[in-house]
Amino acid sequence: RLGNQVTINMASNHIATSLLSLIEWWLENNMKPSPIEMGKVYKSLIIDSTVGAVSSLSAVAK
């Protein structure tokens, strides 16, 4: 369990569904921006924000 409210299952579900939505958006927009830029977007929007949210909840729980 991560933090008070966020479970590992919740975080992994969020990452997976967000990634699929981002890929769908990218395909619908003719694969622009480039794959490298999309990797940066993925890291910023999905990974960094999820890690930040989980970390802040963990800090509050301690």
- Against the globular-protein guess of 2.2 N^0.38 Å, express the Cα radius of gyration of the range 8-53 as a ratio, rounded to two decimals. 1.17
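Less than 15 Å Cβ to Cβ from I23, Lys/Arg counted +1 and Asp/Glu -1: what total charge do the surrounding residues give? Each step should come with its number before you reach the end.
Details: positive: K32, K40, K43; negative: E24, E28, E37.
Its environment carries a net charge of 0.
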- Note on the structure: In whole Hz, the Karplus estimates of ³J(HN,Hα) for the range 32-40 (6.51, -1.76, 1.60; θ = phi - 60°; x where Gly or Pro) are 10, x, 5, x, 5, 5, 5, x, 5
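Values quoted throughout were computed directly from the atomic coordinates according to the rules given, and no laboratory measurement underlies them. Model, not experiment: these values are computed from the prediction. FYI the Cβ positions are ideal-geometry reconstructions off the backbone, even for glycines, and counts take in every protein chain you see.
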